[in-house]
Amino acid sequence: MSFSNTGKVWTVSGFAQYLNGIKAPTWAKSVCLHHTAAPSLNQRPDGFLAKHLENLKDYYSNQLGWRSAPHLFIDDDQVWGMTPLTVTGIHASSFNRTALGIEVLGDYDNEDPKKGRGFECWKTAAAATKILLDWLKLPVNDKTVLFHRDDPRTTKTCPGTKVQKPWVIDLIKDFKYSSNPPPTLAPSFAPLAPILKLKGYSDGDIKKGLKSANGKIFWREKWLETAYYDKTAGATMISLAEIDSIQKSC
Ligand SMILES: [Zn+2]
């Protein structure tokens, strides 16, 4: 079940930093935008709270029985995680295998995306989309920026009749990184075993604690999101950004 980013939340610049530590998936060729419709902006006067994301996760996993969900949920000024960005999500049947899914808070059949909180949400969504496309090394165009309603298998108006593609594409192109120079979005990796040894673990500890299953690597039952086996190096690699989390949790 791929919901392990539920509980993570970033500002726009924090989100770019987060991706800086993660290897971009090769299957992702686009970003697909949705609106939540229900809840609307009116129903979430303070944007999302952590409990809302927990409820959404429960809805997708337990009520619908899905193996994964949309990748991100966007409100006025924050980016909330759900399905890890390296794993395919479930959000638009024709696009699940090739698109990252983003849900924008609001009902844009009825609420205004170009004013007030609606505009704040769409600016945040545009920023997250640009950061994702840069991470994936993809351009911004109508092939890489999809709407749910572009899917021939849906009759939905998602992300809302008041949202038009050229307007969103302009908003995405307008996004500027606040840091100067912008983050490289190129992760740095190091071999995991020598790092664990430096932290005081013996060869025996490492052999016992390090497991792989379904293409994922675990250290003492915790999934190492950025870890992968590098055949050329003959070693398990991990992003420098994730190394700190090992220190904290062990
Ligand atoms: Zn949708």
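The values are calculated or read from the model by the stated rules, or taken from the named source; none is laboratory data. What you are looking at is a predicted structure, and each value in this text was computed from that prediction instead of being measured. Cβ sites come from the backbone with ideal geometry, for glycine too, and all protein chains shown count toward neighbours. Please note that ligands, DNA and RNA were not included when accessible areas were found on the heavy atoms of the full protein model with its side chains. Shrake-Rupley method; radii C 1.70, N 1.55, O 1.52, S 1.80 Å.
Below, the figures for the structure above:
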| read-out | value |
| --- | --- |
| Some residue of segment 23-43 being modelled with pLDDT under 95, in contact with a helix residue (DSSP H, G or I) (Cβ under 9 Å, 6 or more places away or on another chain) and more than 26 Å from Ile169 (Cβ to Cβ) | no |
| Among (1) more than 17 Å from the chain's Cα centre (by Cα); (2) away from the ligand (no atom under 16 Å from the Cβ); (3) surrounded by 22 or more Cβ atoms within 10 Å (Cβ to Cβ) - the single one Pro113 does not satisfy | (2) |
| Hey, Gly101 within 13 Å of the ligand (Cβ to nearest atom) and either at pLDDT 95 or above or assigned to a helix (DSSP H, G or I) (or both) or not | yes |
| Residues within segment 151-167 that are surrounded by fewer than 18 Cβ atoms within 10 Å (Cβ to Cβ) and either in contact with a helix residue (DSSP H, G or I) (Cβ under 7 Å, 6 or more places away or on another chain) or more than 28 Å from Tyr18 (Cα to Cα) (or both), tallied | 9 |
| Cross-chain or 6+ apart pairs with Cβ under 8 Å, segment 62-85 first and under 13 Å from Arg97 (Cα atoms), then of a type outside the set (Ser, Thr, Tyr) and open to solvent by 50 Å² or more (accessible area, probe 1.4 Å) | Ser68/Met1; Ala69/Lys57 |
| Those residues of segment 213-250 which are without any contact (Cβ under 8 Å) to a residue 24 or more places away in the chain, assigned to a strand (DSSP E or B) and open to solvent by 60 Å² or more (accessible area, probe 1.4 Å), in sequence order | Tyr229 |
| Residue within segment 65-88 that is over 23 Å from Lys162 (Cβ atoms), open to solvent by 20 Å² or more (accessible area, probe 1.4 Å), away from the ligand (no atom under 12 Å from the Cβ) and small (Gly, Ala, Ser) present | yes |
| Qualifying residues in segment 17-58 (those that are free of Cβ contacts under 8 Å to residues at least 24 places away in the same chain and in a loop (DSSP other than H, G, I, E, B)) - the one nearest to the chain's Cα centre (by Cα) | Thr26 |
| Within segment 29-64, considering residues that are surrounded by fewer than 20 Cβ atoms within 10 Å (Cβ to Cβ), within 15 Å of Asp112 (Cα to Cα) and among the polar types (S, T, N, Q), the one nearest to the ligand (Cβ to nearest atom) | Ser40 |
| Ser178 being open to solvent by 20 Å² or more (accessible area, probe 1.4 Å), out of contact with any Phe, Trp or Tyr (no Cβ under 6 Å at 6 or more places or on another chain), within 30 Å of Asn214 (Cα to Cα) and small (Gly, Ala, Ser) | no |
| Test result for Ser68, closer than 23 Å to Ser30 by Cβ, outside any strand (DSSP E or B) and in the same structural domain as Trp27 (by TED's automatic domain parsing) | yes |
